[in-house]
Each structure stands twice: as structure tokens, then as C-alpha cells.
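Here is the structure we will look at.
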Amino acid sequence: MTDTIQLPEIDSDETPAGEKTGKRGIRWTAVLMWVVAFSVLALLGWGLIKNNAPRPEVGEVAPDFTVEFFTGYEWEGQSAIALDDLEGKVVVLNFWASWCVECRYEADVLENAASQYAADDVVFLGVAYADVEPNSLAYMEEFGVTYPHAPDLGTKISSSYEITGVPETFVIGPDGKIVYVHIGPINQATLDRVIAQAKEGGS
């Protein structure tokens, strides 16, 4: 008859201390990983919301910006300007590019209007979007542009205005609020009407 060897029973509640500690450590590590993951997602979500801020519309305050004009261009002796510096004036902010075919249709219109309204507290400001400086300068020379123009370095200004393309024009009233937005080439009749509206307080 073979003797049966009886092994000692191990109480499931008597798990070695080191094993318990290990399980707790794993649980806390998992919790910590989830917290970090949710935090990262939250930050990404906030960033996306911030980057997808709604396009500024008529009646809203125009986003401020500062520009440094192309060499040879200035405004009242200044080579750089902020939109806030133009408070009290009507601002015609035009986004364009030398590679833009439709921009050529409005180049003469904008230049003539800028000269026409120069003494009426109306400031025309051109912003070259995603353009190469030599090409921008050649374009301005071709059309005899005299009102101030500036490059949009890093497309910061066009991004803050959420432009849909070029050409695009924003007319800003003396109170700093957007009075009118025009997508595509603008004409003289529209400029006359909107500038008069802006002078009257956007009504």
C-alpha cells in the first residue's frame, strides 16, 4: 500500500505580503495611466476648440494684429502698426497674393479707392497671404500700389480672421468692429457703400 503524501493547505487569504503589494502597485499604476491619458485628451480637446475658434463676423470686434510693412511702404512715417493704432478710423483690410488670379481684378480698384479716401480717415491695408516677398513686391510694382502692404508671416493674421481664401476684404469701423466681409474681388460701388456705412456707425 502506497502512502499518500498530504500537502499543507494554503489559505487563500494568507497571500504573501509582497504579492499583495505588487497587485496594489499594478492597480495604482493603471489608475495613474488612465488619469494621464484623460488629461492629455482634455488638453488636446481644449487646443482643438481654441484653434477652431469661430470666424469673426459682422458686428464683432476685429482681431487685433501687428504688422511690419514691406520695405518702401509705411503709414504716417511708421514701418509697423497695430490695428489698435487705427482706432477711430475706417480700416479696409484686404488679403491677397501675387499668385491669386482674382486678386488682379481688384488691384486697381483698391488703389484708386485708397487714394480717393486718403483724407477721410479711411486706411487701406493690404496683407499678402502665403506669398514670397519678391513676388509680392513685383505684384505691387506692376499695379502701382501705394497704400501700405505687409506680409502675413506664418499666416497668423489670416488665421485669426479665418479667411476662406484670397482675395477677401474686411471693412472695420472706427469702433474696431467688423462692418462688412467680402469674399472675392471687390468693386468700387461696394467699397463706396460699405465705407459710408462704416462712417455712420455700421448702421
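The values are calculated or read from the model by the stated rules, or taken from the named source; none is laboratory data. Nothing here was measured: the structure is a model prediction, and the numbers come from that model. Here the Cβ positions follow ideal geometry from the backbone for every residue, glycine too, while neighbour counts run over all protein chains shown.
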- Can you find a residue in the range 133-144 that is closer than 18 Å to G88 by Cβ, charged (D, E, K, R) and not in a strand (DSSP E or B)? no
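Report, by residue number, each residue of the range 88-108 that is in a loop (DSSP other than H, G, I, E, B) and of a type outside the set (G, A, S).
Across the range 88-108, the qualifying residues are K89, W99, C100, V101, E102.
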- Message: Would you confirm, using the coordinates I've provided, whether A37 is modelled with pLDDT under 95, under 28 Å from A189 (Cα atoms), out of contact with any Gly (no Cβ under 8 Å at 6 or more places or on another chain) and not in a strand (DSSP E or B)?
- Response: no
- Does A118 count as modelled with pLDDT of 90 or more, surrounded by 12 or more Cβ atoms within 10 Å (Cβ to Cβ), closer than 22 Å to G176 by Cα and small (G, A, S)? yes
- Can you name the number of the only condition in (1) exposed (fewer than 14 other Cβ atoms within 10 Å of the Cβ); (2) more than 24 Å from E76 (Cα to Cα); (3) aliphatic (A, V, I, L, M) that V166 fails? (1)
